[in-house]
Amino acid sequence: MLLAVLSGFLLAAVAPWLVPRLGAHAGRVLALLPVGLFLWFASLLPAVGGGETLLWEYAWVPGLDVQLGFLVDGLSLLFALLISGIGALVTLYAGSYLAGHRDLARFFVWLLAFMASMLGLVLSDGLIALFVFWELTSITSFLLIGFAHEDKTARQAALQGLFVTVGGGLALLAGFVLLALAAGGWSLSAVLDAGDAVREHAHYAVIAWLIFLGAFTKSAQVPFHFWLPNAMAAPTPVSAYLHSATMVKAGVYLLARFQPALGGTDLWVFTLTLVGAATLFTGALLALRSSGMKRMLAYSTVMALGTLTLLAGIGGETAAIAFVAFLLAHSLYKGALFLIAGVIDHETGCREVPEMGGFGRAMPVSFAVAVLAALSAAGVMPLFGFIAKELLFESALGLAAWQPVVLTLTLAGLVGGVAVAAVVGLRPWIGRPVTTPREPHEAPLDLLAGPALLALLGLLFGLLPGLAERGLLAAAAGAVHGQAVTPNLALWHGLNLPLAMSALTLVAGLLVAWRWDGIRKMLVGLGFVERFGAERGYDAGMLGLVRVAAWQTRLLQNGHLRYYILTTLSATALLLVYALVTRHAVIPPWSSSGVRLYEVVIGAVVLMAALVAVTTRSRLGAVASLGAAGFGVALIYVLFSAPDVGITQVLIETLTVLMLVLVLFRLPSFLGLTPGRIKLRDASISLTIGGLMSWLLLDAVAAHHQGSISRYFVENAVPAGHGQNIVNVILVDFRALDTLGEIVVLGLAAIGVYAMIKLRAEDRRRRGKEEPR
Amino acid sequence: MSFPIPDLVPAIPEMFVLAMACTILVVDLFLKDDRRDVTYGLTQFTLFGALVLTWIVHVPEARVTFSGSFIADPLSDTLKSFIYVIAAGVFLYSRPYLKERGLFKGEYYVLGLFAVLGMLVMVSAYSFVTLYLGLELLSLCLYALVAFDRDSGRASEAAMKYFILGALASGMLLYGMSFLYGLSGSLEIPVVAEYLIANAGQFSVPLTFALVFVVVGLAFKLGAVPFHMWVPDVYHGAPTPVTLLIGSAPKIAGFAIIMRLLADGLGAMHADWQGMLVLLAVLSLAVGNLIAIAQTNIKRMLAYSTISHVGFLLLGILAGTQEGYAAALFYTVTYAIMAMGGFGMIILLSRQGFEAENLDDFKGLNERNPWLAFMMLLLMFSMAGVPPTVGFYAKLMVLQAVVQIGMTWLAVYAVIFSIVGAFYYLRVVKLMYFDKPADEPLPVRGLDVTVVMSVNGLLMVVLGIFPGILMSIAALAVGP
């Protein structure tokens, strides 16, 4: 199993070497791998169809207790078969479609890597592994879109698609972390077993929303639907494979996968049915508005994804069957239609539907395939799409809440769907032949094999629904529903409401298709879609983000050191206040007893000096009053029996004042440049910090924390240091190493200064020599 | 009075680096400019030798020496090894850049080695004095290195700002530590820790001051908001090789002192500092990620991205559990490797008279050199935290640690800002893959640099596919 998933990566790694050697056969040879994988997965059918769930386990990250487990049940097998099967056809197709392209090898690297990631995604049992593969599909798909980047639209679309899907992926990651915590395990099996615990968990809503976010972004649900059509700038095989058959279905895969564990709640049903129905309707509307063939198909894919979300939301047995049937039908016909769009582009050079016409004569096989696929897409009788559509109506009718809204949106959307199918399936082929950039001619076998096979399968499963049902769909629906189901797929269920609705959509859709040109012009005229569309929202959001960022930069990073210091200090003060207030600290009471008069006088002098220093308009005055404050402090030292410190303070103060006076002597007086607002701000910060320090001081005075160290020196000065002068003993004995260090530093500094002076002198002498010349 | 000779064996790597740095300083004096490669070779030899020595003298148990102020334990030896390797990578990337600009001087290597020594001392510090000693040794070397290109006005300005703000923060840290000393009567971290455990639950104002000052000092050194202002200016202003040095290995040393000071020393006050770190982390994530979007200079962008990564790192630490510390260690090492690659790439693309430091300089890199573009893509995805790169596991471990202590809202908040952050990393990828290149030719680089860049980029994926290696190292280092 590990090999099955990794073989794609391995082949991708050697592809750059292999492809040039294979030349024109590259596509055919490389397609052998997905074919082999398809056959291998098909060999698992009997076991899985019998209701078994197969598990493979490999140790991967022991530290995080992450197993690399693979789980194969009906749902994952259905996906694996689609991925490998369509993968094989697309590889074959791409070999011919891009023949002779300069970077063909690189293309195959990403295509195969993508296929392997996609297989890993649907087969993983571990949430982590699932997430890893999930993001890998985003990355490889980005590289695949980037492959054809001559296109200007591709450039704009690239970042958008990548950001939306990767961002949604990160949300999904958070959802997974919470989910694993709620379920008590990191594996899908554990999550699926712990459904009740998850649904009753306190964080259920958060988990569900985060997972929705991941699924909606990946599966292009409203309001994230805009990135998918924009990603259509990719080469056609990529669009066919990633953007219709596989990658975008990852989101709905996730929803279906988690339905047994998370589904069934009001939140789940409401959100998914409403979002699904809204997406269905929006997709149809936008598809009819477009003119590019691929764009129309892209929006109709959005429609289909909405349908699948809707079905995942409804829940229950019928909806589960409808889900898997619709999934299969859509992959078959949409893959075929995309590939046909590529054929038209390749053989005629046309991309816009209104410019097409009359190709049917030159390309009869393509025409037949297109009609077959379009019939399935429209849900016409003997094709598989019909069965899927019937089931969809049946499930929607079974909905308990919001039924009218959902039903209306669904009906309206499906009318559009039929119209799109009719336009795409008929418009290019019938009518008068038009002049095209290239003379239309039938496509080679490699290009036609894929779409033809897919379209024929749609017919086969329609005629013999039991074929798909017995082997696979029953098991897949069982996995979605959470318990075994007994589907009964048939073309004819008698005359009932779903049949009537089906007929209604068909007729209305054909009418719309008939008048499409007019309707499209009318829809294009409705410019409000663009003004209020989600894409506009995305753009505005991004612009807003950039604006906020620029504004913040100006605010916080203005380049001025003084603001940096200001921020640092005020943040520190705020942290202090926060820390003190959260612990309900109290300011200790201050008693004035024991304060002597001259202490009060000195204190008043210092305070006055400080006040003068901040209010005076003369620089000299400010320096002088600062000096006065300093001398006051020195006096306090002296009073509290620290004469040596006092003397040092006096010396320092004198020196500072003198130097400042020398510097400032010639400067003019202050001009009052600082506005009052800033003065207020500065005052509040300094008062806060001063207040905090006073608080600290009061507290420190109130409680004596450690014994005094002076006793130690008094006791040990004579016996250990043999000296009567304690300060002296401290300096030369107890802290001898300190003193030695200081001397060394001073000595080094002196040598440095000497060297610099000497260098300068030499420099001057040299310059003096040079000057006379 | 007797002086016991301390057990010197645990400090042999430090002594080796010191001796070699001094030797290189002298040897370099006698080298002519065209023989400067000898200095470079000796420097790399020093780092390699120190790595070997570290593991020769390594024992599984913790050893404390120098009167309880120096410790060698699995944490220190692991972190030191990462520091050697990353510093070696930094020197390797820098050489062509320095040569082209006439900056290929012995000072860069000697100052760099002393900075490494400072980091080693920080990592092994077991008392406030050693810790401060290491921190200042590192900081002083970095201040000088930022101003290393003397002709650049921007570099001088950055150095000046860095120095003044750094001195302020160092002062605060020292002030906080002096309070702790005054309260507990000891400079040794375990003794302080014991004192705090014995007095747990007792509130005191000086202790709160001590805590706040220590946290502020650490937050500044790491560059957490709102003490981050130096980061963009210094990253931008400094010559890119110096930015590379500042942005990578010192983060590991910073993590070490946080572990020693907050986790070991102030572990008993976890509830108190947790709130502050939450505040810092929340601000760092928001400000770092948002402002990075507005940057057009990639060095500034990476500076803000550093700030946001610091937010993540703090998340792991504030959890206060072994898982949280292991996650933070994992994150730090991962980040250091990513930052090395990111800044290394700027150096790689720069050439004489041209700095590839604007985002636009990355336009169309895929067309000019697909391999380098792919490496940068891996680095950017790793920084954004996208699997299968290692950055994803770093984020995942941190998120798990945060969720485990019940702070779900914080995890969700962090994820929201990771999504915002993904935007600017992905923008670089988009520029490389989708935009048309300018017609500037790419400089031709030596094999060594290209190989290291390839290893650096591929490491993102290899460690991402097998994160177990790094995880078990992190878990072992942090201890049971």
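The values are calculated or read from the model by the stated rules, or taken from the named source; none is laboratory data. A quick note: this is a predicted structure, and the numbers were derived from the prediction, not measured. Cβ: placed from backbone, ideal geometry, glycine included. Neighbour counts: every protein chain shown.
Would you list the helices (runs of 4 or more DSSP H) that sit entirely within region B:223-326 and hold 2 or more residues that are within 13 Å of chain A (Cβ to nearest Cβ)?
Because the criterion is at least 2 residues that are within 13 Å of chain A (Cβ to nearest Cβ), the helices (runs of 4 or more DSSP H) in region B:223-326 that meet it are B:230-237, B:270-293, B:298-319.
Out of all the residues in region A:192-203, is one or more farther than 17 Å from A:Ser117 by Cβ, within 14 Å of chain B (Cβ to nearest Cβ) and in contact with a helix residue (DSSP H, G or I) (Cβ under 8 Å, 6 or more places away or on another chain)?
yes
Rundown of residues vs (1) more than 10 Å from every other protein chain (Cβ to nearest Cβ); (2) within 20 Å of the chain's Cα centre (by Cα), yes/no style:
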| position | (1), (2) |
| --- | --- |
| B:Met375 | yes, no |
| B:Met383 | yes, yes |
| B:Val386 | no, no |
| B:Tyr393 | no, yes |
| B:Val398 | yes, yes |
| B:Ala411 | no, no |
| B:Val415 | no, no |
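Kindly provide the set of residues from region B:432-445 that are closer than 22 Å to B:Ala339 by Cα and at the interface with another protein chain (Cβ under 9 Å from one of its Cβ atoms), ordered by number.
Residue satisfying the conditions is B:Tyr433 alone.
Select from region B:372-422 the residues that are at pLDDT below 90 and of a type in the set (S, T, N, Q) and write down the one among them that is nearest to B:Leu349 (Cα to Cα).
Checked region B:372-422; the qualifying residue nearest to B:Leu349 (Cα to Cα) is B:Thr389.
Considering only region B:400-409, how many residues are at the interface with another protein chain (Cβ under 9 Å from one of its Cβ atoms) and either under 21 Å from B:Leu302 (Cα atoms) or not hydrophobic (A, V, I, L, M, F, W, C) (or both)?
Final tally of qualifying residues: 3.
Name the residue, out of B:Val455, B:Val449, that is away from chain A (no Cβ under 14 Å), part of a helix (DSSP H, G or I), of a type in the set (A, V, I, L, M) and in contact with a Phe, Trp or Tyr (Cβ under 7 Å, 6 or more places away or on another chain).
Sole residue among the options that is away from chain A (no Cβ under 14 Å), part of a helix (DSSP H, G or I), of a type in the set (A, V, I, L, M) and in contact with a Phe, Trp or Tyr (Cβ under 7 Å, 6 or more places away or on another chain): B:Val449.
Mind listing just one residue for me: the one in region A:309-342 that is crowded, with 24+ Cβ neighbours inside 10 Å and among the hydroxyl-bearing types (Ser, Thr, Tyr) and, of those, farthest from A:Ala378 (Cα to Cα)?
Among those that are crowded, with 24+ Cβ neighbours inside 10 Å and among the hydroxyl-bearing types (Ser, Thr, Tyr), it is A:Thr309.
Of the residues B:Val287, B:Val282, which single one is more than 18 Å from the chain's Cα centre (by Cα), within 19 Å of B:Lys221 (Cα to Cα) and surrounded by fewer than 24 Cβ atoms within 10 Å (Cβ to Cβ)?
The unique qualifying residue is B:Val282.
Can you find, within region A:163-191, the residue that is nearest to the other protein chains (Cβ to nearest Cβ) among those that are assigned to a helix (DSSP H, G or I) and not hydrophobic (A, V, I, L, M, F, W, C)?
Residue satisfying both the conditions and the ranking: A:Gly167.
Might you let me know whether region B:189-199 holds any residue that is part of a helix (DSSP H, G or I), buried (at least 22 other Cβ atoms within 10 Å of the Cβ), within 10 Å of chain A (Cβ to nearest Cβ) and modelled with pLDDT of 90 or more?
no
Among residues belonging to region A:706-746 that are assigned to a loop (DSSP other than H, G, I, E, B) and exposed (fewer than 12 other Cβ atoms within 10 Å of the Cβ), point out the one that is modelled with the lowest pLDDT.
A:Gln706
Just to be sure I understand the filter: pairs with C-beta atoms under 7 Å, separated by 6 or more residues or on different chains, first member in region B:316-330 and in contact (Cβ under 8 Å) with a residue 40 or more places away in the chain, second member among the β-branched types (Val, Ile, Thr) and outside any helix (DSSP H, G or I). Which pairs pass?
Pairs found: B:Ala319/B:Ile405; B:Thr321/B:Ile405.
Collect the residues in region A:671-700 that are within 14 Å of another protein chain (Cβ to nearest Cβ), touching a residue at least 12 places away in the same chain (Cβ under 8 Å) and more than 47 Å from the chain's Cα centre (by Cα), keeping them in residue-number order.
Answer for region A:671-700, where residues must be within 14 Å of another protein chain (Cβ to nearest Cβ), touching a residue at least 12 places away in the same chain (Cβ under 8 Å) and more than 47 Å from the chain's Cα centre (by Cα): A:Trp695, A:Leu698, A:Asp699.
Which residue pairs have Cβ atoms closer than 7 Å, lie 6 or more positions apart in sequence or on different chains, and pair a first residue in region A:386-412 that is closer than 21 Å to A:Ser376 by Cα with a second residue that is assigned to a loop (DSSP other than H, G, I, E, B) and hydrophobic (A, V, I, L, M, F, W, C)?
A:Phe386/A:Val380; A:Phe386/A:Leu491; A:Ile387/A:Leu489; A:Ile387/A:Leu491
Please go through region A:17-31 and give me each residue that is closer than 15 Å to A:Val90 by Cβ, touching a residue at least 12 places away in the same chain (Cβ under 8 Å), hydrophobic (A, V, I, L, M, F, W, C) and assigned to a helix (DSSP H, G or I), ordered by number.
Correct list: A:Ala26, A:Leu30.
In region A:579-617, how many are within 14 Å of another protein chain (Cβ to nearest Cβ), surrounded by 12 or more Cβ atoms within 10 Å (Cβ to Cβ) and assigned to a helix (DSSP H, G or I)?
3
For the structure I just gave you, tell me whether B:Glu107 is out of contact with any strand residue (DSSP E or B) (no Cβ under 7 Å at 6 or more places or on another chain), touching a residue at least 40 places away in the same chain (Cβ under 8 Å) and within 14 Å of chain A (Cβ to nearest Cβ).
Considered against the rule, which asks whether it is out of contact with any strand residue (DSSP E or B) (no Cβ under 7 Å at 6 or more places or on another chain), touching a residue at least 40 places away in the same chain (Cβ under 8 Å) and within 14 Å of chain A (Cβ to nearest Cβ), B:Glu107 comes out as no.
Output the qualifying pairs, or none if there are none: Cβ atoms under 6 angstrom, residues six or more apart or on different chains, first residue in region B:11-37 and among the charged types (D, E, K, R), second residue modelled with pLDDT of 90 or more.
Cβ pairs passing all conditions: B:Glu14/B:Leu120; B:Asp28/B:Thr39.
Read through the list (1) within 9 Å of chain A (Cβ to nearest Cβ); (2) surrounded by 22 or more Cβ atoms within 10 Å (Cβ to Cβ); (3) in contact (Cβ under 8 Å) with a residue 60 or more places away in the chain; (4) not charged (D, E, K, R), then give the number of the only condition that B:Leu463 fails.
That leaves (1) as the condition not met.
Among the residues of region A:126-160, which ones are outside any helix (DSSP H, G or I), modelled with pLDDT under 80 and more than 8 Å from every other protein chain (Cβ to nearest Cβ)?
Scanning region A:126-160 gives A:Phe147, A:Ala148, A:Glu150, A:Asp151.
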